[in-house]
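*Asks:* Structure below; questions to follow.
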Amino acid sequence: MSIEISRLIEAQFLAHAKTCYPHECCGFITGSQADSALSKASYYLPCHNILTEKNRRFLIDPLQYQSAEDRADEEGLAIISIVHSHPDHGHDPSEFDRSHAWPGLSYIIISILKGQVNSYRSWQLREDHSQFDAEDILIKDES
Ligand SMILES: [Zn+2]
């Protein structure tokens with residue numbers, strides 16, 4: 001699997017992750033499935049992290065998820081990715097991430113060290129929920 005995003009979306013979620021530091025940020029990417037191996041992003045939607053221990057883990061408000069999904073539906077799109085940051089940690093998914101993820105979505109994790117973007121990576125959960133596999137992020141330059 002691969003996910004294609006624009007430079008703008010990349011800039012938006014990286015800026016969001018920096019703004020939230022030292023807390024975790026989270027957000028959605030809405031888009032569509034181009035074919036069985038590629039999803040294409042349309043836009044980034046920041047959302048609020050509702051857990052109080054925000055630098056440890058994140059939990060998306062179900063109402064925000066619902067409204068993002070409804071908006072995507074109306075536009076003939078779908079939520080294709082959930083983005084969150086790991087303040088002062090690497091971009092690998094945690095055990096908490098694995099137990100709260102669903103197959104079929106791209107999980108983009110941004111590593112933020114001392115307030116600066118270190119790296120980021122996109123992951124897909126296996127159907128049997130056993131582990132994540134890294135996937136390619138294709139950056140599309142807007143013309
Ligand atoms: Zn995480």
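*Asks:* Looking at the structure I just gave you, is Q124 open to solvent by 40 Å² or more (accessible area, probe 1.4 Å) and among the polar types (S, T, N, Q)?
*Replies:* no
*Asks:* Turning to a different aspect of this structure: Go through segment 64-118 and count every residue that is open to solvent by 20 Å² or more (accessible area, probe 1.4 Å) and at positive phi.
*Replies:* Count: 4.
The values are calculated or read from the model by the stated rules, or taken from the named source; none is laboratory data. Computed from a prediction, not measured in an experiment: that's the story for all the values here. The accessibility values were calculated without ligands, DNA or RNA, using every heavy atom of the protein model including side chains. Shrake-Rupley method; radii C 1.70, N 1.55, O 1.52, S 1.80 Å.
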